[in-house]
Amino acid sequence: MTSARPATPTELDYFVEGMDCPSCVRRIEGALDRLPGTHGARTNLTRQSLTLTLDETRTSRSTLEATLRDLGHPAHALGGPGAAPPAPRAWYRTAQGRLVLTTGALLGAAVFLGQLLPTLAPWLYGAATLLGAAPLARKALAAARAGDPFSINTLVTLAAAGALLIGEQAEAAVVVFLFAVGELLEGVAVGRARSGIQALAALAPKTALLLRGDRVLEVPADALKVGQTVQVQPGGRVPADGTILDGQSSLDDSPVTGESVPVGKGPGDTVYAGSINAGGVLRVRVDRAARDNTIARIIHLVEQAEASRAPVARFIDRFSRVYTPLVVLVAAATALIPPLLGAPLTEWMYKGVALLLIGCPCALVLSVPAAITSAVSAGARRGLLIKGGAALEALGSVRTAAFDKTGTLTAGHPQVTDVTGIGLDDSGVITLAAAAEQGSSHPLGRALLAAHAALGTPLPAAQDARALPGQAALARVDGTDVAVGSPRYAREHADLSAAEARVAQLEDQGKTVVVLLVDGAVRGLIALRDEPRPDAPAAIQDLRALGVTPVMLTGDNARTGQAVARTLGLEVHAQLLPEDKLRLIRDLQRQGGVVMIGDGINDAPALAAADVGVAMGGGTDVALETAHVALLRPQVRAAADLIRLSRATMRVIRQNVAFAVGLKLVFLITTLLGLTGLWPAVLSDTGATALVTANALRLLRFRGGEQD
């Protein structure tokens, strides 16, 4: 008899209605934790999605969906992880919008009919309360079964029931209506911040002009494959990330990078999906498939930022878990203890019910994620991809900004300026050096390949090519061992004494020198120069004005590093290997937070070790994946913009917490003194929710250096 094979767990991806606040996320995650057979549940507030692995032998899919529906969050299956969620609906078509309209209509009808039939008014208000509170009670019960007995819905349900018991039917109806409005405002807040990111998905064109031989075919853009060639007409959008093969034009990259000025580009330059071709016809080689283009990566990075919450958000989340049960306890004590001591029962029950409403933590819980979501969205629209709230918060407190030199502070387009052959002619030096650098992504390697291309001679094949980051490129060319390395590397592996004077002369001119070694002997010197980026001096001034100390960490020689540093006016540490940069980052961290800005493979360890690692636009994939922040604009001033955005965000968070707590304290005091009643109590939370929402949405107007 053969045993049945165990069922394979199924990975499911859902769009979850109404999941538009941190409380909703916590309630859903708590319910899933208690369902057997669910694993790896991941909620995403930006997509309103839920991804999980389900063992259907332990919990059926219908049971899972029924649990979510009972919580007030119907789930709709998506095509698979990463599938696009449904288009957002108008607020009045959502479940929460319908609840607001229903409770508002019931309240209005009760007010109108109560004027005509005063004796029936209490019954009409009571009916409006019961009908409006019924969905809240169902959600509260489902949350309690899922292990969250002190949800916000529980507080409002208890408050509405208490108000009915003490004969305050009209105020109970107002409470239910105002709470529904507050919940709707939370959804609007998240939706506004979310819409800026979701709009990116519409930037890439739906079709592309594919070149196949002599024919031009119109094909779906998402069907393009890496290596194919497309044509981009003037006024059209680039259909895929790629490299220009032929043509010159100005491209408007602002939809992707936030760069407001069109950028002139030609053969060999990179273009982004969604950029607008403002000039001539371009032929572009496709470098990335649609699912992996820059727009898709931006959306993915912003979505993943939800998983990395800011420390202050985690603190408030933990606080609210303790705070809400405490509110229920204090409200119960307020309602019961004074009457036991002889005080009027109705008066103190009224105050206890009001305390339940004042204690609703909606605004407090929303205060941080609303600001973080708005800031991440605003940054993405300006080409600043922040991978999480933790990185965003840390940026505001950094004290040192450490920059790589080549490709970061400098333009990353060095050019060969001098060639000195030692036993070889100049063209032979360039040819062997370029052969060893074949396939290199380092700016110096690309410069050597460009210098060889200008010779117009064949490039010898290289075998066993490899790189020692920060030291040399090695290969076997035409039966000889070739190394192209720094003077430091050459001194360790050969006799450089005869060429030391020439090396010093070139380095004193601010040039980078690489040494060609053939079979362990020095055969040539090549000098290259890379100019600082035009915005680098202003960026250094911006950072100093923000109280941040800039410092350069470079693997280049000391003389070249000092020449660039003098131009920019900052401290420099030169001749650093990757492990040296890592050590210096840790040393600098003893003085406070450090942000590291770099673009190369040899920067990856330092980017990972820094409090915040920032990868420059045009950097290697390794740097982009390792860093906490990626800059699509290759501009140094973006580092100062990041710090400004972080400080603005933390300022908004502090204001939001003050609004949320301050309003509650005011109404707590006035309620206990008998000056305010139930509906002002719930208005304290709804009003605070509106304030923190509006305040957080101000971050969507962030304009970088134009505001602090």
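Can you tell me the accessible area per residue over the chain, all protein chains present, probe 1.4 angstrom, in square angstrom? Walk me through the numbers before you get to the answer.
Values: 30330 Å² over 708 residues.
Heavy-atom accessible area per residue stands at 43 Å².
Using DSSP, restrict attention to beta bridges with both residues in the chain and report what percent are antiparallel, rounded to the nearest 5.
Taking every DSSP beta bridge within the chain, about 80 percent pair in antiparallel fashion.
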query: Nearest 10 degrees, 0 to 90: what angle lies between the long axis of helix 22-33 and the longest principal axis of the chain (Cα atoms)?
result: 90
query: Pairing the Cα long axis of helix 294-304 with the longest principal axis of the chain, what angle in degrees results, from 0 to 90 and rounded to the nearest 10?
result: 50
- prompt: Across the stretch 264-279, in residue order, what do the Karplus-derived ³J(HN,Hα) couplings come to in whole Hz, using 6.51 cos²θ - 1.76 cosθ + 1.60 with θ = phi - 60° and x for Gly and Pro?
  reply: x, 9, x, x, x, 7, 7, 10, 10, 4, x, 5, 9, 7, 8, x
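Over 29 Å between Cα atoms, which of K265/K581; K225/K511; K511/K581; K387/K511; K139/K351; K225/K265 qualify? Please list the in-between numbers first.
Values: K265/K581 34 Å; K225/K511 41 Å; K511/K581 21 Å; K387/K511 36 Å; K139/K351 25 Å; K225/K265 23 Å.
Result: K265/K581; K225/K511; K387/K511 exceed 29 Å.
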- request: Find the centroid of the Cα atoms in the stretch 444-480 and in the stretch 112-147, then give the distance between the two in whole Å.
  value: 78
- request: Evaluate E = 1/(1 + (r/R0)^6) for R654 and R283, where r is the Cβ-Cβ distance and R0 equals 45 Å; express this FRET efficiency to the nearest 0.05.
  value: 0.30
query: Listed highest first by mean packing, meaning other Cβ atoms within 10 Å per residue, what order do 442-455, 164-177, 365-378 come in?
result: 365-378, 164-177, 442-455
task: For A144 and A95, compute 0.36 nm times the residue count separating them, minus their Cα-Cα distance, and round to one decimal in nm.
output: 15.5 nm
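Do me a favour and compute the ellipsoid semi-axes for the stretch 351-485 from its Cα gyration tensor, root of five times each eigenvalue, largest one first, whole Å. Walk me through the numbers on the way to the answer.
Numbers: eigenvalues 663, 41, 33 Å².
Each semi-axis is the square root of five times an eigenvalue, giving 58, 14, 13 Å.
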- request: State the percentage of accessible surface on the chain attributable to carbon and sulfur atoms; use a 1.4 Å probe and exclude ligands, DNA and RNA.
  value: 57
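Send over the Kirkwood Rh of the stretch 343-402, from the inverse of the averaged 1/r over different Cα pairs, rounded to one decimal Å. It would help to have the intermediate numbers written out before the result.
Numbers: mean 1/r = 0.0665 Å⁻¹.
Kirkwood hydrodynamic radius for the stretch 343-402: 15.0 Å.
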- line: Per the helix-only model, the chain has a calculated mean residue ellipticity at 222 nm (DSSP H runs of ≥4, -39500 (n - 2.57) each, divided over all residues, rounded to the nearest 500) of -15500 deg cm²/dmol
task: At 7 Å along the Cα-to-beta-carbon direction for both L340 and L120, put a label point, then send me their distance in nm to one decimal.
output: 4.3
field: the stretch 486-537 and the stretch 388-406: distance between their alpha carbon centers, rounded to Å
entry: 32
statement: Rounded to the nearest 10, the angle in degrees between the Cα long axis of helix 426-436 and the longest principal axis of the Cα atoms of the chain comes to 40
query: How much solvent-accessible surface does I337 expose, in Å² to the nearest 10, with a 1.4 Å probe and all protein chains in place?
result: 90
query: How much solvent-accessible surface does T324 expose, in Å² to the nearest 10, with a 1.4 Å probe and all protein chains in place?
result: 10
- prompt: Along the stretch 509-521, what does the Karplus equation 6.51 cos²θ - 1.76 cosθ + 1.60 (θ = phi - 60°) give for ³J(HN,Hα), rounded to whole Hz, x for Gly and Pro?
  reply: 8, x, 9, 8, 10, 10, 10, 8, 10, 10, 6, x, 10
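Before anything else, pin down the relative contact order of the stretch 90-133: Cα pairs under 8 Å, at least 6 apart, normalised by residue count, whole percent.
Details: 26 pairs, mean separation 15.3, N = 44.
For the stretch 90-133, the relative contact order is 35 percent.
Starting from the Cα-Cα distance between T270 and V330, subtract it from 0.36 nm times their residue separation and give me the gain in nm to one decimal.
Values: separation 60, 0.36 × 60 = 21.60 nm, distance 6.22 nm.
Result for the pair: 15.4 nm of gain on full extension.
In what sequence, largest accessible area first, do L68, L663, L697 appear using a 1.4 Å probe?
The ordering from most to least exposed comes out as L663, L697, L68.
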task: Would you please give the residues with an amide H less than 5 Å from that of D418, counting only those at least 5 places away or on a separate chain, with H modeled from the backbone geometry?
output: A527
query: Mind checking which aspartates and glutamates have their C-alpha under 17 Å from K206, skipping anything on the same chain fewer than 8 residues away?
result: E218, D222, D241, D292
- prompt: What's the percent breakdown of Cα-Cα distances in the stretch 448-515 across 5 Å bins, shortest bin first?
  reply: 3, 14, 19, 22, 22, 14, 5, 0
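Quick check on packing: order 500-510, 516-526, 108-118 by the mean number of other C-beta atoms within 10 Å, highest mean leading.
Highest-to-lowest ranking by the protection proxy: 516-526, 500-510, 108-118.
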field: Burial order of peptide ranges 673-684, 55-66 (average beta-carbon count within 10 Å, highest first)
entry: 673-684, 55-66
field: Note, ³J(HN,Hα) from phi for the stretch 325-339, Karplus 6.51, -1.76, 1.60, rounded to Hz, x at Gly and Pro
entry: x, 5, 4, 4, 5, 5, 5, 5, 5, 5, 6, 9, 5, x, x
- request: Return the inverse of the average 1/r over all pairs of distinct C-alpha atoms in the stretch 117-161, which is the Kirkwood hydrodynamic radius, in Å to one decimal.
  value: 11.2
task: Show the residues, 5+ positions off or on another chain, whose built amide H is closer than 5 Å to the amide H of D246.
output: R283
message: Just want the answer: with Cβ charges of +1 for Lys and Arg and -1 for Asp and Glu, which residue in A172, A208, L584 is farthest toward the dipole's positive end in the chain?
response: A172
task: Take the alpha carbon gyration tensor of the stretch 82-167, find the square roots of its eigenvalues, order them as a ≥ b ≥ c, and report rounded if a/c is under 1.5; if not, report prolate when a/b exceeds b/c, else oblate.
output: oblate
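Per the Cauchy relation, a quarter of the hull surface: what is the mean projected area of the convex hull of the alpha carbons in the stretch 315-369, in nm²?
Working: hull surface 14.6 nm².
Hull-based average projected area comes out at 3.7 nm².
Under a Cβ-Cβ cut-off of 11 Å, what is the net charge of the residues other than A521 that fall near it, where Lys and Arg count +1 and Asp and Glu count -1?
Values: positive: R523; negative: D481, D495, D519.
Its environment carries a net charge of -2.
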query: Excluding Q509 itself, what net charge comes from residues whose Cβ is under 11 Å from its Cβ, given Lys and Arg +1 and Asp and Glu -1?
result: 0
message: Rounded to the nearest 10 Å², what accessible area does V219 have for a 1.4 Å probe in the complete protein model?
response: 30
- prompt: For the chain, what relative contact order do you get, as a whole percent, if you take Cα pairs closer than 8 Å and at least 6 residues apart?
  reply: 12
- request: Specify which labelled value, from (1) 24.5, 77; (2) 31.6, 111; (3) 29.0, 118, agrees with Rg and Dmax of the Cα atoms in Å derived from the coordinates of the model shown.
  value: (2)
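The values are calculated or read from the model by the stated rules, or taken from the named source; none is laboratory data. This one's a predicted model, so the numbers in the text were calculated from it and none came from an experiment. Glycine also receives a Cβ, built like all others from the backbone with ideal geometry; neighbour counts cover every protein chain displayed. Accessible surface is based on the protein model in full, side chains and every heavy atom, while ligands, DNA and RNA are left aside. Shrake-Rupley method; radii C 1.70, N 1.55, O 1.52, S 1.80 Å.
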